[in-house]
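Just below is one structure, and these are the notes that go with it.
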Amino acid sequence: MHEDLKLDFCRAARLLFRQGLSVGIAGHLSVKIGPDRMIANRFGPSFGTLMPADLLTLDLQGNIIEGQGMVNQTIRLHGVIHQVNHDVIALAHTHPPAVVTYSTLRAVPEVYDQESCFLAGEVGIVEEDYSGLASKEERVRPFAEALRKYSAIILPNHGAITRGQNIQQAVFLMLLLEAMTMRNLSVAGAARATGLTPRPISPEVARLTKQELASLKALPLVWSDFMAKLRATDPALFGGN
């Protein structure tokens, strides 16, 4: 069951890997498929090697319903978030390098470019200090609460979580968040080099631009372009054609 969804899941994971947003075998994606069911990747394969056979059907407590493999305790992160946010369908959690670097500053990145306007008002920070693996409900519940307000949350010294109505949207927002933080780091370097003060896009203009960008309904076109490029490197995820 859900074969097309599983292929989309693996394509999304492979895209994160190809864009350099995964570290080793860390990270999980999940898609809610019922009131107490989700699909998630088993612990072991990286986003760079994940295939449909590596996906498990779980309940929201992290117990395996269907599939072969094991899950680590951090998969509870996804189950708790899905339980708290019934309308969240897809989640992406990984350790993007620029996001992790920027997270040490405990600051929400500024909106410096048009693409970052997609995330205007959508990024929050959870926790002040890193306190180990996110495997206990009391640790994870604040993440779930924050995702009621934000589409992307930064976990200091750790990584990020993004949410969406499908796996494509969740991953697209993770790509945007990494690009946004990279821009902030680049701007900070330029400011030091020139002695000039950078000027972000004002919050009002950024939110208006977000609405204009959303009206274009470009995500399917962007995703189609990503998939056309991914097909060249990972034909097995497209039936070998």
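The values are calculated or read from the model by the stated rules, or taken from the named source; none is laboratory data. What you see is a predicted model, and the numbers here were worked out from it, not measured in a lab. We place every Cβ from the backbone using ideal geometry, glycine too, and count neighbours over all the protein chains shown. Just the protein is used for accessible areas: all its heavy atoms, side chains included, with ligands, DNA and RNA removed. Shrake-Rupley method; radii C 1.70, N 1.55, O 1.52, S 1.80 Å.
A few comments on the model shown:
- Taken together, the residues in the range 169-213 that are touching a Phe, Trp or Tyr at 6+ places or on another chain (Cβ under 8 Å), under 17 Å from Ala90 (Cβ atoms) and open to solvent by 40 Å² or more (accessible area, probe 1.4 Å) amount to 0.
- Residues that are open to solvent by 70 Å² or more (accessible area, probe 1.4 Å) and either modelled with pLDDT of 95 or more or touching a strand residue (DSSP E or B) at 6+ places or on another chain (Cβ under 6 Å) (or both), drawn from the range 1-17: Phe17
- Residue match in the range 210-232 (condition: in contact with a strand residue (DSSP E or B) (Cβ under 7 Å, 6 or more places away or on another chain) and touching a residue at least 40 places away in the same chain (Cβ under 8 Å)): no
- Hey, Val84 open to solvent by less than 20 Å² (accessible area, probe 1.4 Å), out of contact with any strand residue (DSSP E or B) (no Cβ under 6 Å at 6 or more places or on another chain) and at pLDDT below 95 or not: yes
- Of the residues contained in the range 155-164, one or more are found to be among the hydroxyl-bearing types (Ser, Thr, Tyr), surrounded by 16 or more Cβ atoms within 10 Å (Cβ to Cβ) and touching a strand residue (DSSP E or B) at 6+ places or on another chain (Cβ under 6 Å).
- Between Pro97, Pro52, the distinction of being touching a residue at least 12 places away in the same chain (Cβ under 8 Å), open to solvent by 30 Å² or more (accessible area, probe 1.4 Å) and in contact with a Lys or Arg (Cβ under 7 Å, 6 or more places away or on another chain) belongs to Pro52 only.
- Those residues of the range 101-112 which are aliphatic (A, V, I, L, M) and out of contact with any strand residue (DSSP E or B) (no Cβ under 6 Å at 6 or more places or on another chain), in sequence order: Leu105, Ala107, Val111
- Selection within the range 18-30: residues that are among the polar types (S, T, N, Q) and assigned to a loop (DSSP other than H, G, I, E, B). The member of this set that is modelled with the highest pLDDT is Gln19.
- Odd one out for Ala92 among (1) in contact (Cβ under 8 Å) with a residue 60 or more places away in the chain; (2) assigned to a helix (DSSP H, G or I): (2)
- Helices (runs of 4 or more DSSP H) fully within the range 157-241 counting 1 or more residues that are in contact with a Pro (Cβ under 6 Å, 6 or more places away or on another chain): 167-194
- When restricted to residues that are over 15 Å from the mean Cα position of the chain (by Cα) and either among the charged types (D, E, K, R) or within 23 Å of Pro235 (Cα to Cα) (or both), the range 47-69 contains 11.
- Residue that is of a type in the set (D, E, K, R) and in a helix (DSSP H, G or I), where the choices are Glu127, Glu138, Glu110: Glu138
- Of all residues in the range 64-86, those that are basic (Lys, Arg) have Cβ atoms under 7 Å from Cβ atoms of residues that are in a helix (DSSP H, G or I), 6 or more apart or on another chain, in Arg76/Glu137; Arg76/Val140.
- Condition met for Gly121 (in a helix (DSSP H, G or I), modelled with pLDDT of 95 or more and open to solvent by 10 Å² or more (accessible area, probe 1.4 Å)): no
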